[in-house]
1. With the other protein chains left in place, how much accessible area per residue, in square angstrom, belongs to the chain at a 1.4 angstrom probe?
2. Tell me, what is the percent relative contact order of the chain, built from C-alpha pairs under 8 Å that lie six or more residues apart?
3. Which of H28, I42, N70 sits closest to the plus end of the dipole of the chain, meaning its Cα is farthest towards the positive end, when Lys and Arg get +1 and Asp and Glu get -1 on the C-beta?
4. Considering only protein heavy atoms and a 1.4 Å probe, what is the carbon-and-sulfur percentage of the accessible area of the chain?
5. Let me know the whole percent of all Cα-Cα pairs from the chain that are separated by more than 18 Å.
6. Across the chain, how many lysine pairs separated by 8 or more positions, or lying on different chains, have Cα atoms within less than 20 Å?
7. R14 to D37: FRET efficiency via 1/(1 + (r/R0)^6), r the Cβ-Cβ distance, R0 22 Å, to the nearest 0.05?
8. Between S65 and T4, what length comes free when the chain is fully extended (0.36 nm per residue of separation minus the Cα-Cα distance, one decimal in nm)?
Amino acid sequence: TGPTTMIEYEKEGRFDFGIVDEGEIVKHVFKFKNTGDEPLVISNAKGSCGCTVPTWPKEPVPPGSTGEINVEFNSKG
């Protein structure tokens, strides 16, 4: 009942970095599309631990537009 905003990921919304060497920094990009009728606002994104840091669009993503959430995992320690 009312306007909706929906996010559709290009691929599954999860990613397994697999086996990495300690100290290695690995990255992944989650590409998505706003499939809703209203601008999509991502107010927060977080990893499961402090060693996984996401960055995301700070501006609203218009309906029909695409965006990216970039994730960097630092395996040091």
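1. 75 Å²
2. Computed value for the chain: 37 percent relative contact order.
3. I42
4. Whole-percent figure for carbon plus sulfur exposure: 50.
5. On the way: 1327 of 2926 pairs.
For the chain, the share of Cα pairs beyond 18 Å comes to 45 percent.
6. Close lysine pairs under the 20 Å cut-off: 13.
7. Here the calculated transfer efficiency is 0.25.
8. 20.5 nm
The values are calculated or read from the model by the stated rules, or taken from the named source; none is laboratory data. Keep in mind it's a predicted model, so treat the numbers as computed, not measured. Note that each Cβ is placed from the backbone with ideal geometry, even for glycine, and that neighbours are counted across all protein chains shown. When the accessible area is computed, the model is the full protein with side chains, heavy atoms only, and any ligands, DNA or RNA have been set aside. Shrake-Rupley method; radii C 1.70, N 1.55, O 1.52, S 1.80 Å.
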